[in-house]
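Note sheet for the following structure.
The values are calculated or read from the model by the stated rules, or taken from the named source; none is laboratory data. Quick caveat: nothing in here was measured; it's all calculated off a predicted structure. Reconstructed Cβ throughout: ideal geometry from the backbone, glycine too, with neighbour counts over all protein chains shown.
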Amino acid sequence: MAAMLQDKVALVTGATGGIGAQIVSRLAQEGASVVVGYNSSRQAAEALVSTLAPGDHMVAEAAVTDSGCLARLAGQIGQRFGRLDILVNCAGITRFVPHPDLDSLDDALIDRILSVNVRGVIAATRAMRPLLDRTGNGIVVNISSIAGVTAMGSNIAYCASKAAVDNLTKSLARALAPKIRVVSVSPGVVDTDFIKGRDESWRDEQASRTPLGRLGTPDDVAEAVLAAAAQLRFATGVIIPVDGGRPLA
């Protein structure tokens, strides 16, 4: 059976994180040429590429808070591939801060979260739009979070940033149609290095609050990205939950 993304070109920002790396891996497995976008660790990006299914993959700096960097990256992708079919906005940051502890949610952290998680989505999409337009059937997948709906997450600025991402998904879907589709993939608690430092009782509690009885995995998220890109061809402006039914609990 032919690979679902044969001859497609994909860019993943935040590609070296736990979720980003699995998205990269799945896209490559399905035949895409993947641009592995990193912010600061080229070494980690190169290590990731060495594990991928064979293909014309590329490592590139993709600092989403630097529009000049993104413009240069668009030029590099255009020169090498001549097109971009899939943009996955996966770059994001947060830090655990109890919601009532507003004093610990300092201005620098708020600004950093909003600049990466929100402005970064706009900036990356803006930079890659001409390449996505060129295909006539491009897609932007924004990695959001259930926190954008439940307002329960690592801190209140993070929750607000993901609500903004979901709103951006709808606005961009309308603005970029019909040549580019835009969707959000919205995970619940995902078992990555970010939560591995939490105690076992906390992890067990999170799993017990989910009707499917477990934490999400990076592959759960990657499979949703793949479905959005390759199979849900008449979907745009939608939020795709990957949360095990958490809001039902």
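Does segment 208-226 hold any residues that are small (Gly, Ala, Ser), in a helix (DSSP H, G or I) and surrounded by fewer than 16 Cβ atoms within 10 Å (Cβ to Cβ), and which are they?
Correct list: Ser208 only.
So is Gly78 modelled with pLDDT of 95 or more and either assigned to a loop (DSSP other than H, G, I, E, B) or more than 26 Å from Leu114 (Cβ to Cβ) (or both) or not?
Considered against the rule, which asks whether it is modelled with pLDDT of 95 or more and either assigned to a loop (DSSP other than H, G, I, E, B) or more than 26 Å from Leu114 (Cβ to Cβ) (or both), Gly78 comes out as yes.
Considering each of Asp204, Asp193 in turn, give the residue that is surrounded by fewer than 19 Cβ atoms within 10 Å (Cβ to Cβ), farther than 28 Å from Ala32 by Cα and either acidic (Asp, Glu) or touching a Cys at 6+ places or on another chain (Cβ under 7 Å) (or both).
Asp204
Select, from Ala62, Ala28, Ala44, Ala21, the only residue that is more than 21 Å from Val185 (Cβ to Cβ) and out of contact with any Asp or Glu (no Cβ under 9 Å at 6 or more places or on another chain).
Selected residue: Ala44, the only one of Ala62, Ala28, Ala44, Ala21 that is more than 21 Å from Val185 (Cβ to Cβ) and out of contact with any Asp or Glu (no Cβ under 9 Å at 6 or more places or on another chain).
Give me the residue from segment 196-237 that is over 18 Å from the mean Cα position of the chain (by Cα) and among the small types (Gly, Ala, Ser) and, out of that set, farthest from Ala173 (Cα to Cα).
Ser201
This table checks each residue for (1) without any contact (Cβ under 8 Å) to a residue 60 or more places away in the chain; (2) outside any loop (DSSP other than H, G, I, E, B); (3) within 16 Å of the chain's Cα centre (by Cα).
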| position | (1), (2), (3) |
| --- | --- |
| Ile19 | no, yes, yes |
| Gln22 | no, yes, yes |
| Arg26 | no, yes, yes |
| Ala44 | yes, yes, no |
| Ala74 | yes, yes, no |
| Leu87 | no, yes, yes |
| Ile93 | yes, no, yes |
| Pro98 | yes, no, no |
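Looking at Val49, Val88, Val59 in this structure, which one is modelled with pLDDT of 95 or more, within 20 Å of Val118 (Cβ to Cβ) and surrounded by 13 or more Cβ atoms within 10 Å (Cβ to Cβ)?
Val88
Checking Gly244 against (1) touching a residue at least 40 places away in the same chain (Cβ under 8 Å); (2) surrounded by fewer than 16 Cβ atoms within 10 Å (Cβ to Cβ), only one condition comes out false. Which one?
The single condition Gly244 does not satisfy is (2).
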